[in-house]
Structures are given as structure tokens and as C-alpha cells.
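Reading through the C-alpha cells given below for one structure.
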Amino acid sequence: MNDLLKEHIFEQCHRQYTDIVAIRRDIHQHPEVGFDVERTAGIAADALDSLGIRVSTGIGKTGVVGDLEVSGATKRIGLRADMDALPIQELTDVPYKSKIDGKAHLCGHDAHTAMLIGTARILSHFKEELKANIRFIFQPCEEAYPGGAQAMISDGVLDEVDEIYGLHVFPLFPVGEYATCVGPMLAQSDIFDITITGRGGHAAFPHLTVDPVVIGSQFVNAAQSIVARNVNPLDSAVVSITQFHAGDAKNVIPASVKLGGTVRTLDENVQKNVSSQLENLLAGIVKANDATYTFTYQKGCPVTYNHEPCVETVLSATNSLVGEENVNYPIPPILGGEDFACYSQKIPACFVMVGAGNVQKGIVNMCHHPQFDIDETCMIYGMALTVSIGLNG
């Protein structure tokens with residue numbers, strides 16, 4: 001990419017910036033969860049339609065697809081943004097705070113949607129210079145499994161698409177930086193549910209009960225050894241127990257407790273080992289305490305895999321845009337999960353982190369934190385990257 005083109009790209013991104021911020025903040029104030037993203041999908045569809053881009057709605061239930069067709073092009077590049085929010089209460093005091101209790105854009109999907117709208121506008125401006133058709137993919141339900149990616153694939157979103165790219169704002173890197181790697185980028189994210197059933201009774205007579213709270217606590221502590229003592233230290237795995245529900249009264253030992261959590265891995269053999277150890281440990285502790293259990297384990301999104309040719313395309317763009325010193329490559333895999341993985345299992349793909357943090361502004365909280373936010377200038381860099389990918393196609 002020559003300096004003139006780079007300047008032109010950033011000029012267009014800056015020109016779109018104020019309006020893209022307004023779109024992001026509007027979406028942020030009206031979060032929608034799962035597949036129920038009709039309002040957000042309508043914003044995306046209207047934006048694409050206003051550009052003369054062919055729009056398809058209802059893809060993967062509530063997804064939106066826009067095709068920018070280039071005369072004579074034989075290649076099609078997919079650019080994907082997710083639209084859904086989280087069922088979490090926002091605890092920020094920003095003027096664009098969520099207006100809906102219990103729902104909030106605390107993972108940055110509002111910014112992803114706004115950035116892809118900006119990218120569509122800019123690539124439409126550059127249409128005469130494009131060599132590839134561009135498919136803009138606005139996906140619902142990234143935060144749950146099975147989610148929107150698989151639903152959109154089932155509806156043909158990858159038909160005729162040769163390669164696909166996705167971005168994620170990431171506050172652990174500062175604005176103006178990018179991060180990616182070849183191979184496994186994000187983890188397989190599984191979930192599990194456990195019920196331990198003992199024998200309830202009066203809290204003053206614990207010897208007449210089989211206390212599931214104590215048994216569950218023993219399991220939570222023991223589970224910390226699964227990775228530490230059953231997984232090769234050179235492999236990656238996480239077991240996090242995130243739910244423990246027990247009892248309704250302070251003077252009653254409950255009859256049962258419910259636990260839940262997640263397992264993150266980068267290798268199928270490690271995943272099988274960890275899931276097996278999890279139940280074996282549970283069974284042993286429960287049996288030793290004369291209780292019973294149920295254990296449900298659900299495999300989630302597979303590993304998000306970055307294909308080398310697509311990574312090379314990204315590195316060419318990022319190195320030109322911000323200089324190699326501001327490109328974190330290769331980063332070690334991150335054990336967060338992403339259903340972008342479903343696309344990367346089908347066609348060549350690359351997923352990229354876009355720096356969104358700013359220590360001076362206090363923007364340091366990780367995704368899913370109740371006070372998560374981004375330095376909105378990161379959207380300039382997000383748009384610049386996807387515009388560059390489109391132009392380099």
C-alpha cells in the first residue's frame with residue numbers, strides 16, 4: 001500500500017468517524033440479545049440499502065447480508081460483524097449507557113456493527129478501485145451456542161465467499177495497535193452443568209444430613225488441580241467454575257446444589273482429557289460423601305483458526321497502516337471463544353484484535369466487565385483495516 005492510498009483511507013475513516021460514533025452509541029443504548037436483534041439489524045440493512053448494496057435479511061434468523069458487486073470480479077471477500085449484546089447490567093456512567101436493564105453492549109459488538117457500516121460506505125466510495133466482490137455480514141447471537149454463525153452458514157452466507165475476516169475491539173491493547181497470529185487464535189469454549197444431591201435438613205443437626213454445599217465446595221477446590229496436575233504445562237487449558245447456587249434459608253441445609261462453568265482448550269485431545277477428568281473428580285468426591293450427581297457437558301464453538309494466507313493479507317495491511325512496531329504478531333492464542341470459528345472451519349479466515357484501550361482515559365476493563373468501554377477512536381483503525389483488506393482483494 002502506497003502512502004497516498006494510506007492517507008486516503010485514513011481520510012475517509014476520519015470523515016466517517018463522527019457519524020459512526022453516533023451509530024455505535026445509538027446501538028449501545030438499545031442493546032439486543034441473542035437472535036432478537038431486529039432493531040440493530042434494521043440499522044445495518046438500511047445503511048447498506050442507502051448505498052445501493054444488494055441486501056438480504058433474515059439470514060440465520062435475523063442476520064443481514066450485503067453484497068457489493070464489482071464488475072468482472074471473480075473473487076468474493078467476506079467481512080463479518082456481530083450485533084448482539086450481553087445479558088449483563090452495565091455499571092458505567094457514560095451518557096450513552098444502556099437504557100435497558102439487564103442488557104448491555106459490554107463486548108464491543110456495537111462498535112463492530114458501526115465499523116462495518118463505515119467500511120461499507122468507504123468501500124462503496126472506492127468501488128471503482130475494488131478487484132473483489134465484498135460481502136458484508138452482520139451476524140446475530142455470537143454470545144450463545146449454537147449461535148448465529150452456524151445459523152447463517154446453514155442459510156448460505158458463505159456461498160461463493162473465498163475468504164473471510166473478522167475484528168474484535170480489545171482493550172488489553174492500546175488504540176492504534178493490532179494483534180493476530182497464524183493457527184489457533186481463540187479457544188474451543190465448552191460449558192458444563194452439575195447438580196449434586198445430598199440429604200437436606202436442619203442446620204443445627206448437620207449429622208443427620210448429607211450436605212451438598214460442603215461436597216460442592218470440595219469439588220470446586222479440587223477442580224483447580226485438573227489443569228495443574230492433568231494437563232501438560234506446555235498445553236493450554238482453563239477450567240472456570242462460575243456458578244454455585246444453593247439454599248434459600250440460613251437455617252436449612254439444602255438437599256441439592258447447582259454448579260456451572262466453562263472449559264477452554266486449543267487441542268481436541270486436551271479437551272477430551274479435561275472433560276473426562278472433570279467428571280471423574282466429581283464422581284469420586286460425590287461417592288465418597290454418599291451423595292449423587294448429574295453432569296451435563298456441552299461442546300461449544302470450535303477453535304478459531306487463522307489461515308496463513310489470510311494472516312499475510314492482514315499483516316500487509318496493518319504494517320502499512322500503523323507500522324510493524326504497532327502490530328503484535330504473533331500473539332499467543334487467547335482462551336476466549338468466538339463463533340467466528342464456525343466460518344474459519346469452512347473457508348480461509350483471519351480474526352484480528354483491534355486495540356481499544358486507553359490507560360489515560362481509564363479504559364482498561366476487559367470485555368464482559370460491567371464497566372467495559374472502548375476508546376472510540378479505535379473504530380478509525382478498525383475501519384481502516386477492513387477497507388484495506390477489501391482494496392487489496
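The values are calculated or read from the model by the stated rules, or taken from the named source; none is laboratory data. Note that the coordinates shown come from a computational prediction; the quantities given were computed from them, not determined experimentally. Neighbour counts are summed over all protein chains in view; Cβ atoms, including those assigned to glycine, are modelled from backbone coordinates with ideal geometry. Calculation scope for accessible area: heavy atoms of the full protein, side chains included, ligands and nucleic acids excluded. Shrake-Rupley method; radii C 1.70, N 1.55, O 1.52, S 1.80 Å.
To two decimal places, what compactness ratio does segment 217-364 give when its Cα radius of gyration is scaled by 2.2 N^0.38 Å?
Compactness ratio reported: 1.41.
Residues with beta-carbon under 10 Å from that of Ala149, excluding Ala149: net charge, scoring Lys, Arg +1 and Asp, Glu -1?
Residues close to Ala149 contribute a combined charge of -2.
³J(HN,Hα) across segment 46-61 via Karplus (A = 6.51, B = -1.76, C = 1.60, θ = phi - 60°), whole Hz, x for Gly/Pro?
Here the 3J(HN,Hα) series is 5, 5, 5, 4, 5, 8, x, 7, 5, 10, 10, 10, x, 7, x, 6 Hz.
For the chain, give the percent of accessible area contributed by carbon and sulfur heavy atoms, probe 1.4 Å, rounded to a whole number.
Carbon and sulfur atoms account for 50 percent of the accessible area of the chain.
Over the heavy atoms of Leu172, what accessible area does a 1.4 Å probe trace out, to the nearest 10 Å²?
110 Å²
How many angstrom lie between the C-alpha centres of segment 245-282 and segment 287-336?
Between the Cα centres of segment 245-282 and segment 287-336 lies a distance of 23 Å.
Which Cα, out of Ser50, Gln271, Ala179, lies furthest along the positive dipole direction of the chain (beta carbon charges, K/R +1, D/E -1)?
Going by the Cα projections, it comes out as Gln271.
In µm²/s, what is D for segment 52-157 at 10 °C and 1.306 mPa s, where D = kT/(6 pi eta Rh) by Stokes-Einstein and Rh is the Kirkwood radius from Cα pairs? Write out the running numbers ahead of the final one.
Numbers: Rh = 15.1 Å.
For the chosen part, D equals 105 µm²/s.
Taking 0.36 nm per intervening residue step and subtracting the Cα-Cα distance, what contour gain separates Asn280 from Phe295 on full extension? Could you put the intermediate results ahead of the total?
On the way: separation 15, 0.36 × 15 = 5.40 nm, distance 1.05 nm.
Full-extension gain reported as 4.4 nm.
Mind grabbing the accessible area of Glu312 for me, 1.4 Å probe, Å², rounded to tens?
110 Å²
Taking N as the number of residues in the chain, what value does Rg over Cα atoms divided by 2.2 N^0.38 Å take?
So the Cα radius of gyration is 1.09 times the expected 2.2 N^0.38 Å.
Any idea of the accessible area per residue across segment 1-133, 1.4 Å probe, to the nearest Å²? Mind showing how you got there, number by number?
Details: 5730 Å² over 133 residues.
Value returned for segment 1-133: 43 Å² of accessible area per residue.
Keeping all protein chains in place, calculate the accessible area per residue for segment 167-258 (probe 1.4 angstrom), answer in Å².
Per residue, segment 167-258 has 50 Å² of solvent-accessible surface.
Can you give the Rg and Dmax of segment 185-300 based on its C-alpha atoms, in angstrom?
In Å, with Rg to one decimal and Dmax whole: 15.4, 52.
Please work out the average accessible area per residue across segment 274-393, using the 1.4 Å probe convention, and give it in Å².
Computed with neighbouring chains in place, this is 40 Å² per residue.
How much accessible surface does Tyr297 have with a 1.4 Å probe, in Å² rounded to 10?
Tyr297 exposes around 60 Å² with every protein chain in place.
Kindly state, to the nearest 0.05, the FRET efficiency for Ile191 paired with Gln360, given R0 = 25 Å and r defined as their beta-carbon distance.
Computed FRET efficiency for Ile191 and Gln360 comes out at 0.10.
So if I take the centroid of the Cα atoms in segment 50-94 and the same for segment 344-393, what is the distance between those two points in Å?
16 Å
Counting only the backbone N, which residues of segment 124-148 are under 17 Å from the spot 7 Å out from the Cα of Asp155 toward its beta-carbon?
Hits in segment 124-148 for Asp155 at 17 Å: 135-148.
Using Cα atoms only, what is the angle between the long axis of helix 308-322 and the major principal axis of the chain, expressed in degrees (0 to 90) to the nearest 10?
Result, in degrees: 70.
Among the listed pairs Lys99/Lys127; Lys61/Lys103; Lys258/Lys361; Lys6/Lys75; Lys103/Lys346, which are separated by more than 28 Å between their Cα atoms?
The pairs that break the limit, which is 28 Å between Cα atoms, are Lys99/Lys127; Lys258/Lys361; Lys103/Lys346.
Treat each spin label as a single point 7 Å out from the Cα along the C-beta direction, and report the Thr377 to Leu208 distance in nm.
Going from the Thr377 label point to the Leu208 one covers 6.9 nm.
Report, in degrees rounded to the nearest 10, the 0 to 90 angle that the Cα long axis of helix 212-230 makes with the longest principal axis of the chain.
With rounding to tens, the tilt is 50 degrees.
What angle do you read, to the nearest 10 degrees and between 0 and 90, between the alpha-carbon axis of helix 378-392 and the longest principal axis of the chain?
So the inclination is approximately 60 degrees.
Taking the chain as a Gaussian network, where each spring joins two C-alpha atoms under 10 Å apart, which residue of Tyr165, Tyr329, Tyr343 fluctuates the most?
Tyr329
Please arrange Arg229, Arg135, Arg264 by accessible surface area, largest first, computed with a 1.4 Å probe and ligands excluded.
Accessible-area ranking of Arg229, Arg135, Arg264, largest first: Arg229, Arg264, Arg135.
If you rank Glu69, Glu376 by how much accessible surface each has, with a 1.4 Å probe, what is the order from largest down?
Final ranking, largest accessible area leading: Glu69, Glu376.
Provide Phe351, Phe35 ordered by accessible surface of protein heavy atoms (probe 1.4 Å), highest first.
I get Phe35, Phe351, largest accessible area first.
Please work out the FRET efficiency for the pair Ala288 and Val252, using the Cβ-Cβ distance as r and a Förster radius of 41 Å; give the result to the nearest 0.05.
Rounded to the nearest 0.05, the efficiency is 0.95.
Using helices alone, I'd like the mean residue ellipticity at 222 nm for the chain: each DSSP H run of four-plus residues gives -39500 (n - 2.57), total over residue count, nearest 500. Don't skip to the answer; put the middle values down first.
Details: 9 runs with 138 residues, N = 393.
Mean residue ellipticity at 222 nm (helix-derived): -11500 deg cm²/dmol.
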